[in-house]
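The values are calculated or read from the model by the stated rules, or taken from the named source; none is laboratory data. Keep in mind the model is a prediction, meaning the values are calculated, not measured. Ideal geometry is used to build each Cβ from the backbone, glycine not excepted, and the neighbour counts take in all protein chains shown.
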């Protein structure tokens, strides 16, 4: 969950950056290989880090159970 949501967020950030000024435009943007909606992808990536427990909570669980660190 941590890896997937962090990767999704980073890829969404990269997509908005690569799209340049079109990255902040709502709706689909035509590309040579098809269309994409960078802004919707960016907005959908944010709540994914909260679903199933926030990433910070997941890290605390891993630290306590796997690394045996104090909670």
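Mind checking whether some residue in the range 12-28 is free of Cβ contacts under 8 Å to residues at least 12 places away in the same chain and touching a strand residue (DSSP E or B) at 6+ places or on another chain (Cβ under 6 Å)?
yes
Among the residues of the range 41-69, which ones are under 11 Å from residue 1 (Cα atoms) and touching a helix residue (DSSP H, G or I) at 6+ places or on another chain (Cβ under 9 Å)?
Within the range 41-69, 48, 49, 50, 51, 52, 53, 55, 58, 59 qualify.
Table: residues versus (1) surrounded by 13 or more Cβ atoms within 10 Å (Cβ to Cβ); (2) within 12 Å of the chain's Cα centre (by Cα); (3) modelled with pLDDT of 90 or more; (4) not in a strand (DSSP E or B).
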| position | (1), (2), (3), (4) |
| --- | --- |
| 4 | no, yes, yes, yes |
| 9 | yes, yes, yes, yes |
| 12 | yes, yes, yes, yes |
| 17 | no, no, yes, yes |
| 42 | yes, yes, yes, yes |
| 56 | no, no, no, yes |
| 59 | no, no, no, yes |
| 70 | no, no, no, yes |
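Residue under question is residue 63, and the condition is that it be closer than 16 Å to residue 11 by Cβ and surrounded by 12 or more Cβ atoms within 10 Å (Cβ to Cβ); does it hold?
Taking the combined requirement at face value, the residue does not satisfy it.
State which residue is surrounded by the most Cβ atoms within 10 Å (Cβ to Cβ) when the search covers only the range 28-40 and only residues that are touching a helix residue (DSSP H, G or I) at 6+ places or on another chain (Cβ under 8 Å) and not in a strand (DSSP E or B).
Only one residue tops the list, namely 38.
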